Amino acid sequence: MFKYIKVIDILICLQALIISTMLPVYISVPSNFNNLKIIDLPITWQVPTIILLSLIYRREVVFIAFIIYIFLGLFFLPIFHQGGSLGYLLTPNFGYLIGMYPLIVIINNLKKFNLEIKIFSFFKNGIFGILMMHLVGMTYGSFQILYLREFNTLLYNFSKYSFSKIGFHILMLIPISLILKQINYLKNQE
């Protein structure tokens, strides 16, 4: 029975990952004359979903789901943010996908050490995890640029894939923190 529950959890995580990759993030802000202005952020819901799944499920469940997600994206379906296939290995985006693994570990360690996840610990680990994800992505991009000898794209890639998005990824910790009490309740029910 336990194995079936684990398979179901993996499939739920995989489905959430695929759907969240395709959903852009919009924020509505008040504008003049009682209207709302909708701002499109340059990120998807993938990073917040990984953080949320890491808070709810065990590390191995999220790891397996993410491995299946990468395998599907590289060999079968174009489910990544800007496509898929083996050619995706040559894009800087793939480094940030690899950077999701340290993010999963850091967020999951938060759940392991605390009986109740405190808001300060969540933000501290969340920011550290996002920084590690971007560091791995930038390192992958650097090795890629050194290997391909395209040095003029280094700053462009850093600004496009890290510097322009890291603040928005950290900003997305706020909506997750709003449901932290419910996550603590679910954790205590196990």
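Key figures for this structure:
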| read-out | value |
| --- | --- |
| Student exercise, the chain dipole from Lys, Arg, Asp, Glu Cβ charges, in Debye to nearest 20 | 340 debye |
| J(HN,Hα) series, region 53-66, from Karplus relation 6.51 cos²θ - 1.76 cosθ + 1.60, nearest Hz, glycine and proline x | 5, 5, 6, 8, 9, 5, 4, 5, 5, 5, 4, 4, 4, 6 |
| Sum of -39500 (n - 2.57) over DSSP H runs of 4+, divided by residues of the chain (222 nm, nearest 500) | -20500 deg cm²/dmol |
| Flagged links, alpha-carbon separation over 27 Å, of K6/K165; K37/K187; K6/K181; K124/K165; K37/K165; K37/K160 | K6/K165; K37/K187 |
| Selected from F123, S20, V61, residue furthest toward positive end of dipole (the chain; charges at beta carbon) | F123 |
| Kirkwood Rh, Cα atoms: Rg over Rh of the chain | 0.99 |
| Region 42-102: equivalent-ellipsoid semi-axes (sqrt of 5 x gyration tensor eigenvalues, Cα, Å) | 20, 13, 10 |
| Length added when fully stretched, L90-K160, from 0.36 nm per residue minus Cα-Cα | 23.6 nm |
| Relative packing of peptides 150-163, 84-97 - highest average C-beta neighbours within 10 Å first | 84-97, 150-163 |
| Alpha-carbon gyration tensor eigenvalues x 5, square-rooted, for region 1-62, Å | 35, 10, 9 |
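Throughout, read-outs are computed from the coordinates displayed, never taken from laboratory work. Values in this document were obtained by computation on a predicted structure and should not be read as measured data. Neighbour counts are summed over all protein chains in view; Cβ atoms, including those assigned to glycine, are modelled from backbone coordinates with ideal geometry.
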